[in-house]
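Contents: one structure, followed by commentary.
The values are calculated or read from the model by the stated rules, or taken from the named source; none is laboratory data. All values derive from a computational prediction rather than experimental measurement. Neighbour counts are summed over all protein chains in view; Cβ atoms, including those assigned to glycine, are modelled from backbone coordinates with ideal geometry. Remember, those area values only see protein heavy atoms, side chains included, never the ligands or the DNA or RNA. Shrake-Rupley method; radii C 1.70, N 1.55, O 1.52, S 1.80 Å.
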Amino acid sequence: MSSFAEPASSPTALLLLGQAQDLGSERGVECPGDLPVASDPDLVARAHAARQKLGSNAFVLGHHYQRDEVIDFADVTGDSFKLARDAANRPDAEFIVFCGVHFMAESADILTASHQQVVLPDLAAGCSMADMAAIGQVEEAWDALVEAGVAEDVVPITYMNSSAAIKAFTGRHGGTVCTSSNARVALDWAFEQRPAGRGKVFFLPDQHLGRNTAVRDLGFSPDDCVVYNPHKPMGGLTVEQLKNARMILWRGHCSVHGRFTADNVATVRRRVPDVNVLVHPECTYEVVSQADQVGSTEYIIRTIESAPAGSAWAIGTELNLVRRLAKAHPELKISYLDRTVCFCSTMNRIDLPHLVWSLESLAAGRPVNRIVVDPEVAHWARVALDQMLALPGI
Ligand code: 13P
Ligand code: SF4
């Protein structure tokens with residue numbers, strides 16, 4: 001039997017969802033008035049009808065963190081990297097409907113052909129981590145590294161969870177993109193680009209993925225890592241600190257994974273005998289140090305799919321995915337690592353009304369919410385993405 005709490009109705013969950021709505025309106029993103037209401041009993045039938053009308057002209061991608069009501073209409077599901085590749089492998093589809101967040105739809109636009117249009121059903125579906133690194137701040141930081149005399153030793157790497165402009169920055173400066181599945185390979189590659197012992201990586205925007213990979217996989221000490229705070233002159237660091245560092249980590253984090261604590265791990269170990277704690281590397285170093293297994297979204301799914309019947313798991317990643325895994329595996333005892341943590345509120349922005357609205361608009365020949373990356377930005381971002389695709393074992 002799977003044991004699973006239902007935190008969606010908790011005050012914390014509702015509070016966080018409410019905060020996300022405020023963030024959305026700060027972006028100034030509005031949907032036109034013909035958005036169906038969430039309570040419309042015909043939504044499922046309308047989604048099927050629009051989907052059928054579009055046929056193979058539309059390809060619907062669903063990220064693992066999407067709601068069930070959206071996943072039900074996805075032609076394929078996957079992590080951000082797999083979905084970008086899936087989109088690129090469907091040149092016959094004129095419309096790519098990306099049920100995920102903004103940076104993922106941008107990557108799909110960069111990797112698809114020019115005759116294809118990428119649609120994000122709700123433009124307010126951003127990513128708080130990606131928003132923590134603005135291109136102006138990153139350019140300023142690079143100037144600071146030049147001034148400190150370290151830039152020539154530095155290879156920039158950005159996590160997939162970043163804007164196209166940041167990916168373009170890494171492309172222009174000889175760096176690459178990585179995902180949580182290939183961060184280790186990307187770091188190995190970056191250090192090989194500079195003389196042994198001298199290279200540094202400027203890792204954007206997730207400090208935790210950068211630190212966890214450097215320390216756990218490459219054997220660096222946490223002291224080899226410094227955190228660059230974009231709100232302080234020279235990142236709040238001295239020239240000496242920049243010179244000594246091997247990893248210069250941008251001060252960014254995921255607002256969902258960053259909420260898990262080492263105390264959550266201790267609590268679940270007390271509560272559930274023989275529990276296996278499985279977390280995403282966007283969690284803090286303290287949390288991953290206490291976990292039994294650490295890995296990307298795809299790794300988490302594979303691990304659960306091959307787990308022995310009766311085994312107990314506490315999973316530290318986004319709630320939609322954990323709930324689906326718990327439902328699909330009643331033979332396992334699956335629980336959420338922290339009962340008070342909620343869904344990724346921006347992923348949850350894509351709901352059935354937005355999906356129906358975007359599909360019906362496409363079927364009516366009026367594409368809405370197209371994601372179009374500026375050609376110059378797309379060129380350099382593609383350089384960085386192609387470098388990732390050329391990494392060994394990708
Ligand atoms: P993936 O790279 O596993 O798709 O993760 C995306 C994400 O947003 C993780 O928080
Ligand atoms: Fe961004 Fe975190 Fe949501 Fe992923 S889970 S989209 S990193 S805020």
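Any chance you could count how many residues in the range 75-90 are under 19 Å from residue 52 (Cα atoms) and open to solvent by 60 Å² or more (accessible area, probe 1.4 Å)?
Residues meeting the conditions: 2.
Applying the selection to the range 71-90, what residues are among the aliphatic types (A, V, I, L, M) and either over 19 Å from residue 125 (Cβ atoms) or in contact with a Pro (Cβ under 8 Å, 6 or more places away or on another chain) (or both)?
Result: 88, single match.
Pairs under 7 Å by beta carbon, first residue over 12 Å from residue 249 (Cα atoms) in the range 203-232, partner outside any helix (DSSP H, G or I) and open to solvent by less than 10 Å² (accessible area, probe 1.4 Å), six or more apart or different chains?
Listed by first residue and then by second, the contacts come to 220/247.
Scan the range 281-301 residue by residue and report those that are assigned to a helix (DSSP H, G or I), in contact (Cβ under 8 Å) with a residue 60 or more places away in the chain and within 16 Å of ligand 2 (Cβ to nearest atom).
Scanning the range 281-301 gives 288, 297, 298, 299, 301.
Tell me whether the range 231-250 contains one or more residues that are under 18 Å from the mean Cα position of the chain (by Cα), crowded, with 16+ Cβ neighbours inside 10 Å and modelled with pLDDT of 95 or more.
Within the range 231-250, one or more residues are under 18 Å from the mean Cα position of the chain (by Cα), crowded, with 16+ Cβ neighbours inside 10 Å and modelled with pLDDT of 95 or more.
Taking only pairs six or more apart or across chains, which ones have beta-carbon atoms under 6 Å, a first residue in the range 335-355 that is under 18 Å from residue 368 (Cβ atoms) and open to solvent by 20 Å² or more (accessible area, probe 1.4 Å), and a second residue that is near ligand 2 (Cβ under 10 Å from one of its atoms) and at pLDDT 95 or above?
Every condition considered, the pairs that remain are 349/125.
Counting residues that are within 16 Å of ligand 1 (Cβ to nearest atom), which strands (runs of 3 or more DSSP E) fully inside the range 156-266 reach at least 2?
So the answer is 176-178, 200-204.
I'm told residue 162 meets every condition in (1) over 13 Å from the mean Cα position of the chain (by Cα); (2) under 15 Å from residue 142 (Cβ atoms); (3) within 14 Å of ligand 2 (Cβ to nearest atom) except one. Can you identify the failing condition by its number?
Every listed condition holds for residue 162 apart from (1).
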